[in-house]
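J.: Take a look at the following structure, please.
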Amino acid sequence: MIDRPVVGTESGRVQGAVEDGVAAFRGIPYAASPVAELRFAAPQRPPTWSGVRDATHPGPAAPQGPNRLDLVMGHRKPDWNEDGCLTVNVWTTHLPHHGSDRRPRPVLLWIHGGGFSTGSAGWDWYDGRHLAAAGDIVVISANYRLGALGYIYLPEAGVENLGVQDQTAVISWVRRNIAAFGGDPGRLTVGGQSAGAYAALYHALSPVTGPLFKQVITQSGLWAVPPQRPEDAVDHARRYLGILGLAGNPDPVAALRAVPVEQHIAAYQQLFHEVSVLGGLVPAMYPVLGSFGMPRAWNHALADGRLDGKRLLIGTTRDEMSALFALDPVVQALTAGQARAVAGKLAADGAERFDHAAALRPGATPAEILTEVDTDIQFRDGALAIADHHAAARNPVHLYQFDYTPVPDPDRLGTPHTADLPFFFNHLDAFLGSPMLGEPTAGARVLTRDFSRAAGTFVATGRPAVDHWRPYEPANPAAIRHFAAVGRHSEGDG
């Protein structure tokens with residue numbers, strides 16, 4: 001490929017750059033900027049442009065407050081801007097007008113996490129070039145609206161699940177445009193991590209977007225969190241308007257559009273602190289049940305057979321909740337009785353599960369026991385339930401647990417939430433200095449090659465090309481593929 005390839009999209013031509021043999025196109029608008037009258041409106045087609053648009057830099061993140069996982073993942077300098085935030089990034093190993101091999105490649109649309117409140121597809125953490133090369137595929141990432149700007153619920157004004165609508169617009173954009181980047185729109189996989197995994201599964205279950213793709217990747221989905229109940233969403237919207245001094249306003253949408261975006265971010269942070277509970281992961285605002293893209297909760301949609309016929313790659317990290325607990329002095333100071341009470345509030349059998357885990361780990365601290373129990377409640381139980389149901393219906397499933405532990409690990413993070421991301425994207429260098437990564441060993445670099453290749457080849461073929469990873473069998477722990485670096489400092493599967 002030439003160094004500065006040009007591709008034509010429906011809105012105009014874009015010029016990218018070739019990086020490590022992969023063509024990268026960043027910051028391509030898939031929808032108009034959600035500003036002025038388009039704030040709190042459904043996504044609209046972007047304006048067209050003449051000439052060639054530079055696509056070597058990502059667009060800004062959607063407006064957002066601080067990331068709760070900064071201490072674990074590493075700090076990001078804020079780069080958000082409401083204007084220009086609805087963009088996609090594309091990495092492709094093949095352009096149809098370059099070279100003799102014109103076969104269209106399979107496509108992965110990956111949705112970033114961040115609890116529907118933070119995150120950005122444009123961060124170098126999620127650079128897709130190595131993942132694209134690992135599977136000879138096209139990788140796409142996209143921004144979507146977050147927090148109150150993406151999920152405030154005002155049904156009387158037609159404002160609902162705007163972030164979900166943004167993601168749906170991305171899927172539509174991919175279907176219409178990806179052939180120009182060498183991708184096959186008929187071989188689309190939708191995946192994501194954390195809130196992005198949640199979104200990917202619900203898009204697979206949706207009667208609107210589900211028929212458009214046959215493969216799903218979910219990394220550490222928030223399966224214990226059902227879609228927000230409409231009555232709770234209405235209450236949170238009312239409280240949000242009150243924080244902004246807009247309670248009782250006859251035209252709340254117009255009033256909200258007049259509020260500076262910085263005030264929206266501050267008000268959302270205040271609402272989150274008012275409604276959050278220790279050990280819980282429920283955002284203040286997130287997709288609402290019965291609204292756009294969320295007709296049924298995932299367990300009911302699974303029972304209805306909405307996922308049947310799709311290939312599924314699903315997994316968790318070993319110690320998901322250490323991302324929030326290991327560096328929290330309040331959690332670390334909990335007594336056994338206090339930690340047991342927290343577990344009891346998170347699940348009907350939480351206290352009994354805490355007792356059982358404590359009996360099996362007599363030397364563990366209350367915080368460590370709570371981390372284990374809450375990881376199961378929030379993440380692992382749901383992943384197993386989804387995998388068991390889908391495999392029992394004779395659908396192909398590959399289930400993993402990511403077990404890599406950083407070296408050194410002074411904070412006893414183990415394998416926290418998001419720990420698999422540097423390896424999924426085969427981009428350890430973007431996470432250097434991150435506590436969850438530590439100092440990458442030779443074994444870690446072998447692991448990142450294997451894990452990224454597993455993901456890439458799953459997108460390409462429906463089967464991850466990694467030794468000793470057979471399809472999952474219901475209720476068979478031996479069929480779970482464990483990923484951990486092999487070497488002097490760690491042990492486990494390679």
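J.: Can you pull the accessible area of HIS273 for me, 1.4 Å probe, Å² to the nearest 10?
T.: Accessible area of HIS273: about 130 Å².
J.: Calculate the FRET efficiency for ASP409 and ASP20 from the Cβ-Cβ distance with a Förster distance of 22 Å, rounded to the nearest 0.05. Walk me through the numbers before you get to the answer.
T.: Values: r = 30 Å, r/R0 = 1.38.
Result of the calculation: an efficiency of 0.15.
J.: Could you state how much accessible area SER452 has, in square angstrom rounded to the nearest 10, with a 1.4 Å probe and all protein chains kept in place?
T.: Only protein atoms counted, so the area is about 0 Å².
J.: If you don't mind, there's one more thing I want to ask. I'd like the FRET efficiency for HIS356 and TRP123, computed as 1/(1 + (r/R0)^6) with the beta carbon distance as r and R0 of 41 Å, rounded to 0.05. Can you show the working numbers first?
T.: Values: r = 39 Å, r/R0 = 0.96.
Once the sixth-power term is evaluated, E becomes 0.55.
J.: Using the heavy atoms of the protein chains alone and a 1.4 angstrom probe, what is the accessible area of the range 397-494 per residue in square angstrom?
T.: Numbers: 3990 Å² over 98 residues.
Using a 1.4 Å probe on heavy atoms only, each residue of the range 397-494 averages 41 Å².
J.: For every helix of n ≥ 4 consecutive DSSP H residues, a contribution of -39,500 (n - 2.57) applies; sum these over the chain, divide by its total residues, and give [θ] at 222 nm rounded to the nearest 500 deg cm²/dmol.
T.: Values: 17 runs with 160 residues, N = 494.
My calculation for the chain gives -9500 deg cm²/dmol from helical runs alone.
J.: Expressed in nm to one decimal, what extension gain is obtained for the pair ALA333 and ASN249 from 0.36 nm per residue of sequence separation less their Cα-Cα distance? Before the final figure, lay out each step's value.
T.: Working: separation 84, 0.36 × 84 = 30.24 nm, distance 4.41 nm.
Extending this stretch completely gives an extra 25.8 nm.
J.: Under a 1.4 Å probe, what is the accessible area of the range 76-194 per residue, stated in Å²? Please list the in-between numbers first.
T.: Details: 3230 Å² over 119 residues.
So the range 76-194 comes to 27 Å² accessible per residue, rounded to a whole number.
J.: What figure in square angstrom, to the nearest 10, would you give for the accessible area of GLU37 with a 1.4 Å probe?
T.: Its heavy atoms expose roughly 130 Å² to the probe.
J.: Give me the orientation-averaged projected area of the Cα convex hull of the chain, in nm², one decimal. Please report the intermediate quantities before stating the final value.
T.: Details: hull surface 89.2 nm².
Over all viewing directions, the chain projects a mean Cα-hull area of 22.3 nm².
J.: Percent of accessible area on the chain owned by carbon and sulfur, 1.4 Å probe?
T.: Numbers: 10010 of 18870 Å².
Of all accessible area on the chain, carbon and sulfur atoms account for 53 percent.
J.: Using 0.36 nm times the number of residues separating ALA341 and ASP79, minus their current alpha carbon distance, what extension gain do you get? List each step's numbers first, then the result.
T.: Values: separation 262, 0.36 × 262 = 94.32 nm, distance 3.94 nm.
So the chain would gain 90.4 nm between ALA341 and ASP79.
J.: Identify all aspartates and glutamates with a Cα-Cα distance to LYS345 below 13 Å; exclude those on the same chain that are fewer than 8 residues away in sequence.
T.: Within the straight-line cut-off, LYS345 pairs with ASP374.
J.: Just to be sure I understand the model, the point goes 7 Å from the Cα along the line to the Cβ. What's the resulting ARG470 to VAL277 distance in nm?
T.: 4.2
J.: Just the accessible area per residue of the range 217-335, please: how many Å² with a 1.4 Å probe? Walk me through the numbers on the way to the answer.
T.: Numbers: 4920 Å² over 119 residues.
Heavy-atom SASA per residue in the range 217-335 reads 41 Å².
J.: If you take the beta carbon distance between ILE2 and VAL446 as r and set R0 to 41 Å, what does 1/(1 + (r/R0)^6) give as a FRET efficiency, to the nearest 0.05?
T.: On the way: r = 33 Å, r/R0 = 0.81.
The formula returns an efficiency of 0.80 here.
J.: Using the Cα centre of the range 100-167 as origin and beta-carbon charges of +1 (Lys, Arg) and -1 (Asp, Glu), tell me which of LEU162, ALA133, THR118 is placed farthest towards the positive end of the dipole.
T.: With unit charges placed on the Cβ atoms, the residue in question is ALA133.
J.: Check every DSSP H run in the chain and write down those whose alpha carbon atoms cover 24 angstrom or more along the long axis and whose mean Kyte-Doolittle hydropathy is -0.5 or greater. Could the numbers behind the result be given before it?
T.: Working: long enough: 442-461 (28 Å, 0.30).
Taking the DSSP H segments of the chain (at least 24 Å long, mean hydropathy at least -0.5), we get 442-461.
J.: How long is the gain from SER50 to ALA258 if the chain were fully straight, where each residue apart is worth 0.36 nm and the alpha carbon distance is subtracted? Could you put the intermediate results ahead of the total?
T.: Numbers: separation 208, 0.36 × 208 = 74.88 nm, distance 3.16 nm.
Taking 0.36 nm per residue and subtracting the Cα distance, the gain is 71.7 nm.
The values are calculated or read from the model by the stated rules, or taken from the named source; none is laboratory data. These numbers were taken from a predicted model, which means no experiment stands behind them. When we count neighbours, we look across all protein chains shown, and the Cβ atoms used for this are built from the backbone with ideal geometry, even at glycine. Ligands, DNA and RNA are stripped out before the accessible areas are found, and what is left, the full protein with its side chains, is counted by its heavy atoms. Shrake-Rupley method; radii C 1.70, N 1.55, O 1.52, S 1.80 Å.
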